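*Asks:* Take a look at this one; I'll ask things after.
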Amino acid sequence: MTKTKLALSDVGLPSFTAMPVVGRGKGTGDIEALKKLVIDDNSELDPEMHRLKSKRMIVLIVTDDKKELAVETILKVNQTGQKGDGKIFITPVVDSIRVRTGETGDITLD
């Protein structure tokens with residue numbers, strides 16, 4: 001995560017949100033890592049939960065002209081050719097509003 005954060009900052013994209021998440025693909029997960037995510041120590045993990053893996057999700061909103069830069073940067077830092085390198089999902093953002101000022105549109109991303 002640190003390498004990704006530094007690389008994005010170095011290319012002028014320092015603002016993003018990162019959060020711990022769990023998910024599953026074709027592989028199996030680390031049950032001990034998942035137990036750390038359970039809030040109530042007395043609760044039992046769902047038997048199917050062993051298939052979930054601890055992951056980190058990054059949400060990065062950029063203007064259209066910076067999309068390729070963001071993708072290239074994330075790929076450069078994270079692409080090892082091995083399972084677990086991650087995925088990038090690109091979705092349109094209809095609008096954004098800066099709550100403090102009421103400004104809308106791309107200017108809110110600066």
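*Asks:* Can you tell me which residue within the stretch 25-34, out of those that are over 14 Å from residue 86 (Cβ atoms) and not hydroxyl-bearing (Ser, Thr, Tyr), is modelled with the lowest pLDDT?
*Replies:* 29
*Asks:* Give the residue that is nearest to residue 21 (Cα to Cα), with candidates limited to residues of the stretch 71-104 that are among the hydroxyl-bearing types (Ser, Thr, Tyr) and assigned to a loop (DSSP other than H, G, I, E, B).
*Replies:* 91
*Asks:* Taking the criterion of being more than 25 Å from residue 97 (Cβ to Cβ), in a loop (DSSP other than H, G, I, E, B) and at pLDDT 85 or above, would at least one residue in the stretch 9-17 satisfy it?
*Replies:* There is at least one residue in the stretch 9-17 that is more than 25 Å from residue 97 (Cβ to Cβ), in a loop (DSSP other than H, G, I, E, B) and at pLDDT 85 or above.
The values are calculated or read from the model by the stated rules, or taken from the named source; none is laboratory data. Quick caveat: nothing in here was measured; it's all calculated off a predicted structure. In this analysis, Cβ positions are derived from the backbone assuming ideal geometry, glycine residues included, and neighbour counts consider all displayed protein chains.
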